[in-house]
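Participant: Just dropping this structure here.
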Amino acid sequence: MPKISYKIQDCLNPVCPQGKFIPKRSDQKFCDVHCKDRYHILKNKKERHKERTITKTLRKIDLTLAEMYQNCQTYKLKQIPFESLQAGGIVVDMASKIEKVKSTGNVVHWFIYYGISGLSPGYFQIIKREN
Ligand SMILES: [Zn+2]
């Protein structure tokens, strides 16, 4: 059987010292085991960084919601306009969990300890987690 030779290709490790290599198998993605390890270490590092950034943003939003919640309690406000949430840097899409409350049927966008729920168009109620 003739020996198959593969075309030179890029090593998937972004910091590969060689950059390119000649694969020995069709599914080979790295020039050697060191590049393979390095690639996965870098990938995990990137993912951890991403997770930390998301956690930081969630905490920041939650702190702002805690303040807003307190203000609502103080001034006896049942709801606040969406513009106030926006001004406070609340990004609804950043919610860590979206839950439908069985008793009321309302949808709550939870961050950490605080969540928001739309009461009427353009208005939201800030909710504190029970437990
Ligand atoms: Zn390599």
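Where a number appears in this text, it was derived from the coordinates with a stated rule and is not lab data. Treat the numbers as computed from the prediction; the structure is a model and nothing was measured. Neighbour counts run over all protein chains shown; Cβ positions are idealised from the backbone, glycine included.
Participant: Using the Karplus equation 6.51 cos²θ - 1.76 cosθ + 1.60 (θ = phi - 60°), what ³J(HN,Hα) coupling, rounded to whole Hz, does each residue of segment 65-77 give in order, writing x for Gly and Pro?
Facilitator: Those phi angles translate into 5, 4, 5, 5, 4, 4, 4, 4, 5, 4, 9, 6, 9 Hz.
Participant: What distance in nm separates the simple spin-label points at Ile4 and Lys100, each placed 7 Å from Cα in the Cβ direction?
Facilitator: Simple spin-label model gives 5.1 nm for this pair.
Participant: List, in order, the whole-Hz ³J(HN,Hα) value for each residue of segment 15-28 obtained from phi through the Karplus relation with A = 6.51, B = -1.76, C = 1.60 and θ = phi - 60°; use x for Gly and Pro.
Facilitator: 10, 4, x, 9, x, 10, 7, 9, x, 9, 10, 5, 9, 6
Participant: Next up: So between Thr74 and Lys46, what do we pick up on full extension, going 0.36 nm a residue minus the alpha carbon distance?
Facilitator: Gain in length upon complete extension: 5.9 nm.
Participant: Next up: When the Karplus curve 6.51 cos²θ - 1.76 cosθ + 1.60 is applied with θ = phi - 60°, which whole-Hz ³J(HN,Hα) does each residue of segment 103-116 get, with x for Gly and Pro?
Facilitator: 3J(HN,Hα) across segment 103-116, in whole Hz: 5, 10, x, 6, 9, 10, 9, 8, 9, 10, 9, 10, x, 10.
Participant: Determine Rg/Rh for the chain; Rg is computed over alpha-carbon atoms and Rh is the Kirkwood hydrodynamic estimate from the same atoms.
Facilitator: Value, to two decimals: 1.34.
Participant: State to the nearest 20 debye the size of the charge dipole of segment 9-128 about its Cα centre, where the only charges are +1 on K and R beta carbons and -1 on D and E beta carbons.
Facilitator: Dipole about the Cα centre, nearest 20: 380 debye.
Participant: In addition: So what's the back-of-envelope 222 nm ellipticity for the chain, counting only DSSP H runs of four-plus at -39500 (n - 2.57) apiece and dividing by all residues, rounded to 500?
Facilitator: Result for the chain, helices only: -13000 deg cm²/dmol.
Participant: For Ile127, which sequence-distant residues (separation of 5 or more, or a different chain) have an amide H within less than 5 Å of its own amide H, given hydrogens modelled in the peptide plane?
Facilitator: Gly115, Ile116, Ser117
Participant: A further question on this structure: Run the quick spin-label model on His34 and Ile22: label points 7 Å from Cα toward the beta carbon, then report their separation in nm to one decimal.
Facilitator: It works out to 2.0 nm between the two label points.
Participant: Using a 10 Å cut-off on Cβ atoms, rank the peptides 17-28, 68-79 from the highest mean neighbour count down.
Facilitator: In decreasing order of mean packing, 17-28, 68-79 become 68-79, 17-28.
Participant: Only Cα pairs under 8 Å and at least 6 apart count here; give the relative contact order of segment 32-131 as a rounded whole percent.
Facilitator: 24 percent
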